[in-house]
Amino acid sequence: MSVIEVRNLNKVYRTRIKEAGLRASFRALVRPVYKEVQAVKDISFTVEKGEILAFIGPNGAGKSTTIKMLTGILHPSGGELSVLGLNPMRDRQKLSYHIGTVFGQKSQLWFHLPPIDSFVLLGAIYDIDKGTLKKRIDELTERFELEDLLKTPVRKLSLGQRIRCEVAASLLHDPEILFLDEPTIGLDVVVKQSIRELILAMNRERGTTIFLTSHDAGDIAKVCKRAIVIDHGQIILDQPVKKLKYDYLNRKHIAVRFEVPQHLEVPRGVKLEKSSQMAARLSVDTRICSIDEAMRWLIAQGGVADITVEDPPMEEIIASIFQGKGGEAS
Amino acid sequence: MRALRKYGTVLRLSLQNAFVYRSNVIGGFLFYTVFIFVFFNLWRAIYREGQVAGYSLTQMVWYLCMTELIMFGCKSNIYGQMNEEVKSGSIAYQLNKPYHYVVYQFFNAAGGMLFNLIIYGILAIILGMIMVGPIPGFRLANLPFALISALLGMVINFFFLMTLGLTSFRLEENFAFFLIYQKLVFMLGMFIPVEFLPGWLQGITRCLPFPYVTWAPARLIVAFSWEFFREVLPVQFLWALVSVLSALGMYRYGVAGIQAHGG
């Protein structure tokens, strides 16, 4: 069952433009000139219930514009849009009871008051009865480990602690879809990981559909099952995260450490990125040389102390898509 | 019932939030006291004896205490906040919540306004008593009616300022309108009672919303009469309605064309 259906969605912004200089300023005052910017061009996709979708792209690609249209904040300029069977713009209020939103840079907590007060307020705003609200707060407090934070004014929380409270706040009304716009921006590795785990847990336990935009390759690789890549307002890729990795960087990174000094003569398809006598970092083009072949060759060298095989980081994958290298990534 | 709980909680939280700004209160107390003291001396110099346009010196000083109190009670920064929220685009993030943005903002500000009204009210009474003593002919039983008028005045002021703030949806700079509004409220009823104005101007002033923010309630406190109450209350209701409708209209007009970029 699809919970989000988007067909030929468009968004055009009209912005005022002005050339440099005093004369241009005067001219702009008398006769303003507008320029049309197409932020989202004819995009179509559907999201199934319980899916975890990453919506990725560089700055200004149209990610946030799309999320804002899906949550009823922005009017689309054209196309069709349905979220949980509702039209987000027409049924914004009705829809708001069933979706949760976290905008990484905008807080929904009261800055000077402890999070518990904001939770109570959100409970009232979402018409959650007092008993259910208390139960829900207890649940989320335990799950998100908020006991020590609940009564501390938000201004005294660290960014990581605050985001944990933000995500919890957006889940109070048990939404069917959670929209996360750059939720891990500015967080350190450990906190990022804990936020990711929480999002995954919510998906597993409650079947919450997750729609996530991010710059962070880790968010996508570690959380999402499917990725839509958007650039200049157009979808340039829509496929499982696994396939995305497979198609767009047919490479594995191998780090190897030897017990005895080695001089490596690499076979075809393997590139020596970095090496010393006791260690090496290799990049394997799996289309030419399979991992199996590469490992056999390495072991055959003798004296291997340690091997680590890694997928290339998501940054590289996205960069290669944007650079238009596509399947020819080398 | 649900709406009552929803906005009631907003009001309670905003009241709680008002207690955070303690240093603001101290600064405000100082400003209020200096302002009243300066004008107390001015009026003392003007009044040799008797009355001016029906106000005795005692009434005049209390009038000033009350109009200034209502202005402090009205202090909500709603104009600045609307401007900021519209220009920064953060208003967009509040649209997908199940509440009415305009109503939410009113209750969000109401806590702070109520808080101000109470604490500056205490200061106003102390200052008035010290400078000129009790208001002649004041009856506590009439106070609730004057308070209704004061609350209506605050509503009128709040929603007109909100409307002005929300014009930033379409105007790049609206500060001039804010200044004009502020000065009109100050000159037409706050600084001096409407009765002090020349006859022709009085006629015009009574047709405008500005004196109904402070003049009507302050006069009801210093010189209560049922006749005046019956005369001004319907007008205040009317202006309150106009102000609320104008804020709602401006909001709808603005939101229809909202353009929130990036994020």
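Throughout, read-outs are computed from the coordinates displayed, never taken from laboratory work. Quantities reported herein were computed from a predicted structural model and do not represent experimental measurements. Because the Cβ atoms are built from the backbone with ideal geometry, glycine has one as well, and the counts that use them run over all protein chains shown.
Could you tell me whether segment A:72-153 comes out rounded, prolate or oblate from its Cα gyration tensor? Rule is a ≥ b ≥ c as square roots of the eigenvalues, rounded for a/c under 1.5, then prolate if a/b exceeds b/c, otherwise oblate. Cα axes put segment A:72-153 in the prolate bin.
Roughly what angle does helix B:57-74 make with the longest principal axis of chain B, taking Cα atoms, 0 to 90 degrees, to the nearest 10? For B:57-74 against chain B, the angle is about 10 degrees.
Each residue of segment A:223-231 was assigned a 3J(HN,Hα) from its phi angle through the Karplus curve 6.51 cos²θ - 1.76 cosθ + 1.60 (θ = phi - 60°); the sequence is 10, 8, 9, 9, 10, 10, 9, 10, 8 Hz, with glycine and proline shown as x.
Out of every Cα-Cα pair that chain A contains, those further apart than 29 angstrom amount to 52 percent.
As a proxy for reagent exposure, ranking A:M89, B:M66, B:M1 by other Cβ atoms within 10 Å from fewest up yields B:M1, A:M89, B:M66.
Taking 0.36 nm per residue of separation and subtracting the Cα-Cα distance, what length does fully extending A:E48 through A:S276 add? Could you put the intermediate results ahead of the total?
Working: separation 228, 0.36 × 228 = 82.08 nm, distance 4.93 nm.
Roughly 77.1 nm would be gained on extension.
Straight Cα distances below 13 angstrom link A:K63 to the aspartates and glutamates A:D181, A:E182, A:D231, with same-chain residues fewer than 8 positions distant left out. Exposure here means at most 15 other Cβ atoms within 10 Å; with trypsin sites (Lys or Arg not before Pro) in a DSSP loop as sites, the longest stretch of chain B lacking them is B:171-263. Within the same chain, aspartates and glutamates fewer than 8 places from B:K6 are excluded, and of the rest, those with a Cα less than 16 Å from its Cα are A:D117, A:D127, A:D129.
Taking R0 as 45 Å, what's the FRET efficiency between B:F178 and A:S158 from their Cβ-Cβ distance, rounded to 0.05? Intermediate results must be reported in sequence, preceding the final value.
Values: r = 38 Å, r/R0 = 0.84.
Here the calculated transfer efficiency is 0.75.
Computed from the C-beta positions of B:L171 and B:R5, the FRET efficiency with R₀ = 35 Å rounds to 0.45.
Among DSSP bridges having both ends in the protein assembly as shown, what percentage is antiparallel? Round to the nearest 5.
Around 70 percent antiparallel, to the nearest 5.
According to the square roots a ≥ b ≥ c of the eigenvalues of the Cα gyration tensor, what is the shape class of segment B:2-256, taking rounded for a/c under 1.5, prolate for a/b larger than b/c otherwise, and oblate for the remainder? Prolate.
Once the chain from A:E265 to A:Q105 is taken as fully extended at 0.36 nm per residue, the excess over their C-alpha distance is 52.6 nm.
For A:T101, the residues whose modelled amide H falls within less than 5 Å of its own, excluding neighbours fewer than 5 places apart on the same chain, are A:F179. Using the Karplus relation 6.51 cos²θ - 1.76 cosθ + 1.60 with θ = phi - 60°, the per-residue 3J(HN,Hα) values for segment B:233-244 come to 4, x, 5, 4, 4, 4, 5, 4, 4, 4, 5, 5 Hz, with x marking Gly and Pro. Of A:K130/A:K225; A:K94/B:K87; A:K106/A:K134; A:K192/B:K75; A:K35/A:K156, which pairs sit farther than 32 Å apart, going by alpha carbon to alpha carbon? Beyond 32 Å between Cα atoms: A:K130/A:K225; A:K192/B:K75; A:K35/A:K156.
Applying a length cut-off of 20 Å (Cα extent along the axis) and a mean Kyte-Doolittle floor of -0.5 to the DSSP H helices of chain A leaves A:189-206. Note on A:K151/A:I307: beta-carbon distance plugged into 1/(1 + (r/R0)^6) with R0 of 45 Å gives a FRET efficiency of 0.35. The GluC sites (Glu not before Pro) of segment A:207-274 that DSSP puts in a loop, and whose beta carbon has at most 10 other beta carbons within 10 Å, are A:E265. Each part gets one Cα centre, and for segment B:49-107 versus segment A:56-127 those centres are 30 Å apart.
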